[in-house]
Amino acid sequence: MPTNLLDRLGQRVLQSLTQAGDFAVISSRAFAAAFKRPFDTPNLMHQFQAVGVNSIPVIVLTSVAISMVFAVQLSFGFRQFQAEGLASQVQGLAIVRELAPVITGLMMAGRVGSAMAAELGTMQVTEQIDALECLATDPIHFLFVPRLLASMVMLPLLTGISIYVGFWGGYALLVGVVGQSSVVYSTEFYKLLAFRDVGIALTKALVFGIIIALVGCWRGYRTQGGAEGVGNAPTSSVVTSSLWILVSDFFLTKLLLV
Amino acid sequence: MEPVIDVVNLSKAFGPKVVLANVTFAVQEGESLAVMGGSGSGKTVLLRTIMGLLAPDSGHVSIEGKIIQELDRQELFEVRKKIGMCFQMAALFDSMSVAENIGFALKRHTPMTEAEIAGRVDECLTLVGLKDCQKLRPAELSGGMKRRVGFARAIALKPQILLFDEPTTGLDPVMTDVISRVILDLKHQLGVTTVTITHDLKSAFEIADRIALLFRGEIIACQPPEEFKANPDPVIQQFLRGDAEGPFLTDPAPPKRSTKSSASPLLVP
Ligand SMILES: Nc1ncnc2c1ncn2[C@@H]1O[C@H](COP(=O)(O)OP(=O)(O)OP(=O)(O)O)[C@@H](O)[C@H]1O
Ligand SMILES: [Mg+2]
């Protein structure tokens with residue numbers, strides 16, 4: 001039945017629009033609440049720990065793995081043109097501009113975004129969020145703000161770590177295995193880069209941090225219906241924020257590079 | 001005199017299921033109202049609507065003259081600071097210790113020092129008989145202990161209005177009496193206005209100035225305990241007797257057997 005199909009399509013569109021609207025409202029409330037008293041320093045420190053410090057091992061490991069694999073592929077690829085020297089330049093370009101921020105973003109979406117969704121989701125279905133409301137505490141202020149701030153600070157820092165580790169991952173492979181000179185690698189790595197590129201990487205990381213925290217918290221906050229709802233919240237938060245990270249990465253790259 | 005809590009023509013339905021239909025009542029300052037009703041009759045929904053956690057389909061609630069449904073969030077929080085609410089499932093913050101749970105509002109809304117907060121937390125915990133539990137996490141408490149911590153959290157800020165959702169369900173008879181006494185104490189000492197949902201007839205008659213019965217979405221009686229007891233309405237009489245037989249249930253009650261004859265012959269020695 002065409003009308004039926006149209007009906008369903010319309011419903012889906014309306015539903016997505018409502019959700020997008022809800023997300024926008026909640027996000028703007030979160031940003032507005034960031035400047036409101038009382039500032040909850042212990043909670044913020046706790047989030048710095050949970051989002052930032054505890055993620056360092058994961059970020060280091062993935063960055064090592066990705067940068068080494070990438071170096072393998074590059075040295076193989078450029079050998080076809082007898083241009084092995086270019087490998088380190090492209091390595092630098094790829095790590096700083098794309099790999100470090102995007103890998104950090106995706107890993108963190110899985111590691112902390114999902115945790116935020118699960119935590120807030122549990123709080124929602126066990127009425128703890130209602131209890132916050134009753135104790136005259138805005139859940140957006142109490143729960144969203146520390147997570148948002150922590151992600152906004154920590155994602156760029158972790159991206160910095162990822163770039164640093166990526167440099168040494170490439171070094172280990174190109175210098176250690178392929179046998180480039182270490183001085184050449186170290187200078188070539190930066191050859192195609194300008195300071196602006198580091199700025200771009202950190203800007204991307206900041207945007208990814210905002211996406212991860214807001215989507216994770218929002219999905220958790222809007223959890224409905226018991227254990228199943230709590231189970232769905234992290235999954236959909238990871239999917240949604242990963243998608244938005246990739247989409248925004250494209251536009252940020254386009255915008256910031258012109 | 002203007003009532004402290006004024007519920008006007010409140011209606012609420014979830015999908016096709018009508019939970020509240022034109023509920024109207026008022027609670028005066030210093031008065032204690034007990035709300036009773038069958039399980040699933042909408043008592044919790046009523047309390048959540050009063051608190052502004054649920055939006056009614058029609059009608060409104062006003063607290064001290066302010067219509068809850070028309071306030072913006074900031075004003076709503078100002079009103080909620082004057083209200084203490086005790087949840088049916090306690091709803092304790094499970095990432096915090098018992099002491100942090102109880103001191104939560106004190107820390108956020110009062111200029112009290114850490115020591116003063118600790119003192120007040122001790123005081124509240126002693127009231128509900130949980131003196132040595134400050135350090136425990138909610139996961140380490142029994143159901144009844146959680147409920148008492150929830151109760152202590154609700155009264156910590158010394159609010160002028162208290163809403164209790166079954167504060168005594170699941171407690172032993174002695175503890176139930178203790179909680180009833182604390183509620184009475186608060187009323188006499190601080191003149192607080194309370195709405196208490198309870199299934200416990202004894203404590204309802206003890207604490208209430210008026211008892212309301214919620215039945216099929218309506219308040220069918222709201223009167224002082226003696227009048228409530230004498231109310232000839234068959235629903236009320238059945239509720240007071242605690243009998244399955246009568247107009248209270250929609251479906252006929254399961255057949256009644258006398259306890260002695262129902263014993264299985266196999267068990268008879
Ligand atoms: N969020 C909700 N969505 C759909 N239906 C709901 C919701 N909350 C409550 N209900 C329905 O409203 C009715 C009243 O629920 P409520 O929790 O108020 O009962 P109650 O009187 O507090 O019962 P009890 O004494 O068992 O706690 C129930 O039939 C329930 O199914
Ligand atoms: Mg209930």
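The values are calculated or read from the model by the stated rules, or taken from the named source; none is laboratory data. Just so it is clear, the model here is predicted, and its values are computed rather than measured. Neighbour counts run over all protein chains shown; Cβ positions are idealised from the backbone, glycine included. Quick note on the areas: whole protein, heavy atoms, side chains included, nothing else; ligands and nucleic acids left out. Shrake-Rupley method; radii C 1.70, N 1.55, O 1.52, S 1.80 Å.
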Once all protein chains are kept in place, residue A:36 shows an accessible area at probe 1.4 Å, nearest 10 Å², of 100 Å²
In terms of modelled amide H atoms, which long-range or inter-chain residues lie less than 5 Å from the amide H of residue B:19? B:12, B:13, B:14
Starting from the exponent 0.38 and prefactor 2.2 Å, build the expected Rg for region A:50-172 from its residue count and divide its actual Cα Rg by it. 1.44
Nearest 10 degrees, 0 to 90: what angle lies between the long axis of helix A:195-221 and the longest principal axis of chain A (Cα atoms)? 30 degrees
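Please average, across the residues of A:121-128, the number of beta carbons from any other chain that are within 10 Å of each residue's own beta carbon, and give a whole number. All intermediate terms of the calculation are to be shown ahead of the outcome.
Values: counts 0, 2, 4, 0, 0, 8, 8, 10.
Neighbouring Cβ atoms belonging to other protein chains average 4 per residue here.
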Can you tell me what the convex hull of the Cα atoms of the protein assembly as shown projects to on average, as an area in nm²? 38.1 nm²
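By accessible area of protein heavy atoms, probe 1.4 Å, what ranking do A:76, A:81, B:25 get, highest first?
Working: A:76 115, A:81 150, B:25 10 Å².
Descending accessible area places them as A:81, A:76, B:25.
Translational D (Stokes-Einstein, µm²/s) of region B:118-197 at 20 °C and 1.002 mPa s when Rh comes from the Kirkwood sum over C-alpha pairs?
On the way: Rh = 12.8 Å.
Value of D from the Cα-based Kirkwood radius: 167 µm²/s.
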Whole-number percent relative contact order across region A:40-256, with pairs defined as alpha carbons under 8 Å at least 6 apart: 36 percent
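For region A:40-256, what is the Kirkwood hydrodynamic radius in Å, using each pair of distinct C-alpha atoms?
Working: mean 1/r = 0.0546 Å⁻¹.
About 18.3 Å, per the Kirkwood formula over Cα pairs.
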Could you pull the accessible area for residue A:72 with a 1.4 Å probe, rounded to 10 Å²? 70 Å²
Choose one of A:93, A:59, A:244: the residue whose Cα lies farthest towards the positive end of the charge dipole of region A:40-256 (beta-carbon charges +1 Lys, Arg; -1 Asp, Glu; about the Cα centre). A:93
Evaluate the distance, in nm, between pseudo-label points positioned 7 Å from the Cα of residue A:236 and of residue A:198 along their respective Cα→Cβ axes. 4.1 nm
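With +1 assigned to the C-beta of every Lys and Arg and -1 to the C-beta of every Asp and Glu, and no other charges, what is the dipole magnitude of the protein assembly as shown about the Cα centre in debye, to the nearest 20? Can you show the working numbers first?
Details: 45 positive and 47 negative charges, 249 e Å.
The dipole of the protein assembly as shown has a size of about 1200 debye.
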Given the -39500 (n - 2.57) contribution per DSSP H run of 4+ residues, what per-residue ellipticity at 222 nm results for chain B, rounded to the nearest 500 deg cm²/dmol? -10500 deg cm²/dmol
Simple Cβ-charge dipole of chain B, Lys/Arg +1 and Asp/Glu -1, about Cα centre, in debye nearest 20: 680 debye
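Given the pairs B:158/B:202; B:82/B:131; B:17/B:66; A:36/B:107; A:204/A:254, which span a C-alpha to C-alpha distance of over 18 angstrom in this model?
Values: B:158/B:202 25 Å; B:82/B:131 26 Å; B:17/B:66 29 Å; A:36/B:107 16 Å; A:204/A:254 12 Å.
Listed pairs above 18 Å: B:158/B:202; B:82/B:131; B:17/B:66.
Within 10 Å, count the other beta carbons around each residue, average over each peptide in B:218-228, A:211-221, A:89-99, and list them highest first. Please list the in-between numbers first.
On the way: B:218-228: 15.9, A:211-221: 27.5, A:89-99: 21.5.
In decreasing order of mean packing, B:218-228, A:211-221, A:89-99 become A:211-221, A:89-99, B:218-228.
Note down the magnitude of the dipole of chain A about its Cα centre, charges +1 on Lys and Arg C-beta and -1 on Asp and Glu C-beta and zero elsewhere, to the nearest 20 debye.
Values: 15 positive and 14 negative charges, 97 e Å.
So the dipole magnitude of chain A works out to roughly 460 debye.
With a 1.4 Å probe, how much accessible area is buried between chains B and A, both sides summed, in Å² to the nearest hundred?
Working: alone 13910 and 13490 Å², together 25560 Å².
Buried: approximately 1800 Å² between A and B.
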